[in-house]
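The values are calculated or read from the model by the stated rules, or taken from the named source; none is laboratory data. All figures in this text were calculated on a predicted structure; none of them were measured in a lab. Cβ atoms come from the backbone with ideal geometry, glycine included; neighbour counts cover every protein chain shown. Surface accessibility is based on the protein's heavy atoms, side chains included, excluding ligands, DNA and RNA. Shrake-Rupley method; radii C 1.70, N 1.55, O 1.52, S 1.80 Å.
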2 protein chains.
Amino acid sequence: MDEAVPRRRTRIQAEKREVILGAALEVFSAHGFRGATIDQIAEAAGMSKPNLLYYFRRKEDIHTALIQRLLDTWLAPLREMDAAGDPVTELRSYIRRKLEMARDFPRESRLFANEILQGAPRIMPLLEGELKDLVDEKVVVLRGWMRAGRIARTDPWHLIFAIWATTQHYADFDVQVRAVLGPDRGGDGRFEDAARFLEQLFVNGLKPGG
Amino acid sequence: MDEAVPRRRTRIQAEKREVILGAALEVFSAHGFRGATIDQIAEAAGMSKPNLLYYFRRKEDIHTALIQRLLDTWLAPLREMDAAGDPVTELRSYIRRKLEMARDFPRESRLFANEILQGAPRIMPLLEGELKDLVDEKVVVLRGWMRAGRIARTDPWHLIFAIWATTQHYADFDVQVRAVLGPDRGGDGRFEDAARFLEQLFVNGLKPGG
DNA sequence: TTAACGTTTGTCCGTTCGGTCAAAATTCTG
DNA sequence: CAGAATTTTGACCGAACGGACAAACGTTAA
């Protein structure tokens, strides 16, 4: 087996690849795939371009490596939504966790958003596979709660979309949010305000019999 | 006055500029500012690159022209939200109109999203000026409705963000929405489903005393 | 008809891009 | 320490990029 990038064995390999992925996350999330340059990533990673290309042969390899490792983290909150739990508690904590991710990992959110916005050319299989499967599974859970009369009957798919949209908005559209809120209201408190609002919106919006 | 681009007098000037803006909308919304090339836009507009550069001297000029003319259309639905109207009706039709725009003008939505995602380097003044002013104005309207007990007391800014996020999601994340819904549910009906869901969510979520 | 003005094009330029390569420097292993 | 393997670098390449320019082509109005 003629490996192009040497088999990942050494300590240096692991460390440098980590540094590169960190730098690439910064650059890709800020400029998109085409907008990001290898030189930018190399500079952010503190190494020369050929050195970077020694660890990842092509620009696209960095990008796919990033997305691959991200997906699990990203879907974890939804995975944790438990059919056996209390629906309101489950939804509430799902929203809270997604909002925390928007606050703590905005670059990851923007990396995804950039990719989807431009037609998901590099991750379409993931969307139609892993992501769709997970959503289908949770749709069943939501339907169960609806049939049991524990939350209002409504479209479970669009409910999930609404949670995604409202939470990720605070990462993806952060500059707009801060611009509109202004200096006073746009401080660190905006995430708590958002959490309170979204909790109220979804909990009341999904009250059974609504 | 030494004008670089000839003063817009002729019929051809007006027509060609229109064609270029249409082509540029297509290309910019699909690839972002940096990802789009002048050649792509020229080809989509059916003319040579130098010919295109005769009407717009620089790539950035096309982009700013696009955004400038877009902003009015884009904010029109919010502008129409009338303090004198019935709150539920006003909110419902605001949501419906925003959703129609996501359906009918997805490229415009993605153009904005691309710009915001990458830090709004070219439209920050618009966000802090015109956009913020309009939101501030409508926040007063929402606050009035809340004080009158006609909708639930909640954070008016985040309410507006939630409406933006949920509606624009169907334009900006269209490929993801369709991938998750699959071929059967992802057809043209998805906008009506979304409208029904969002109406229910926001109307119930904002019931007074909630 | 012709001169002025508006439009279009082929060609070219300097820069930046993604990526290669051979050689040098470093680290690892016996 | 010696030699093998790994890591780093400077120099370089072809393609694509944004943009410039003069010449050619159309159009129009005196």
**Fill in**
Reported set for the stretch B:69-105 where residues are open to solvent by 30 Å² or more (accessible area, probe 1.4 Å) and either among the β-branched types (Val, Ile, Thr) or in a loop (DSSP other than H, G, I, E, B) (or both) is B:73, B:80, B:82, B:83, B:84, B:86, B:88, B:89, B:105
**Asked** Do we have residue B:112 as closer than 18 Å to residue B:29 by Cβ, more than 14 Å from every other protein chain (Cβ to nearest Cβ), touching a residue at least 12 places away in the same chain (Cβ under 8 Å) and open to solvent by less than 40 Å² (accessible area, probe 1.4 Å) here?
**Response** no
**Request:** Tell me, yes or no, whether the stretch A:27-38 has at least one residue that is of a type in the set (Lys, Arg) and more than 9 Å from DNA strand C (Cβ to nearest atom).
**Result:** no
**Prompt:** Listed residues A:130, A:137; which is open to solvent by 10 Å² or more (accessible area, probe 1.4 Å) and in contact (Cβ under 8 Å) with a residue 40 or more places away in the chain?
**Reply:** A:130
**Request:** Kindly check whether there is at least one residue in the stretch A:30-40 that is within 16 Å of DNA strand D (Cβ to nearest atom), at positive phi and either buried (at least 20 other Cβ atoms within 10 Å of the Cβ) or not small (Gly, Ala, Ser) (or both).
**Result:** yes
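Do we find that residue B:12 is assigned by TED's automatic domain parsing to the domain that holds residue B:159 and either part of a helix (DSSP H, G or I) or surrounded by fewer than 16 Cβ atoms within 10 Å (Cβ to Cβ) (or both) in this structure?
Values: assigned by TED's automatic domain parsing to the domain that holds residue B:159: no; either part of a helix (DSSP H, G or I) or surrounded by fewer than 16 Cβ atoms within 10 Å (Cβ to Cβ) (or both): yes.
Considered against the rule, which asks whether it is assigned by TED's automatic domain parsing to the domain that holds residue B:159 and either part of a helix (DSSP H, G or I) or surrounded by fewer than 16 Cβ atoms within 10 Å (Cβ to Cβ) (or both), residue B:12 comes out as no.
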**Fill in**
Pairs returned, first residue in the stretch B:152-170 that is at the interface with chain A (Cβ under 7 Å from one of its Cβ atoms) and under 15 Å from residue A:199 (Cα atoms), second residue that is surrounded by fewer than 23 Cβ atoms within 10 Å (Cβ to Cβ) and among the acidic types (Asp, Glu), beta-carbon separation under 7 angstrom, 6 or more apart or interchain, are B:155/A:193; B:158/A:193
**Message:** Can you pull out every residue in the stretch A:186-196 that is over 17 Å from residue B:120 (Cα atoms) and either more than 7 Å from chain B (Cβ to nearest Cβ) or exposed (fewer than 14 other Cβ atoms within 10 Å of the Cβ) (or both)?
**Reply:** A:187, A:188, A:189, A:190, A:191, A:192, A:195, A:196
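Give the number of residues within the stretch A:122-150 that are of a type outside the set (D, E, K, R), more than 19 Å from residue A:69 (Cβ to Cβ) and within 18 Å of the chain's Cα centre (by Cα).
1
Just to be sure I understand, how many residues within the stretch B:171-185 are in contact (Cβ under 8 Å) with a residue 12 or more places away in the chain and facing another protein chain (nearest Cβ under 7 Å)? Step through it out loud before you land on a result.
From the stretch B:171-185, those in contact (Cβ under 8 Å) with a residue 12 or more places away in the chain are B:171-172, B:174, B:177-178; that's our starting set.
Adding the requirement that they be facing another protein chain (nearest Cβ under 7 Å) leaves B:172, B:177.
Residues that pass the stated criteria total 2.
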**Fill in**
The condition of being more than 14 Å from chain B (Cβ to nearest Cβ) and either away from DNA strand D (no atom under 16 Å from the Cβ) or within 20 Å of residue A:173 (Cα to Cα) (or both) holds, among A:50, A:77, only for A:77
**Message:** Checking residue A:60 against (1) within 16 Å of DNA strand D (Cβ to nearest atom); (2) open to solvent by less than 50 Å² (accessible area, probe 1.4 Å); (3) under 28 Å from residue B:111 (Cα atoms), only one condition comes out false. Which one?
**Reply:** (2)
**Request:** Taking the options B:42, B:65, name whichever one is within 16 Å of DNA strand C (Cβ to nearest atom) and either more than 19 Å from the chain's Cα centre (by Cα) or not polar (S, T, N, Q) (or both).
**Result:** B:42
**Prompt:** Before we move on, is residue A:26 farther than 30 Å from residue B:158 by Cβ, open to solvent by 50 Å² or more (accessible area, probe 1.4 Å) and modelled with pLDDT of 95 or more?
**Reply:** no
**Item:** Verdict on residue B:101 being at the interface with another protein chain (Cβ under 8 Å from one of its Cβ atoms) and under 28 Å from residue B:36 (Cα atoms)
**Value:** no
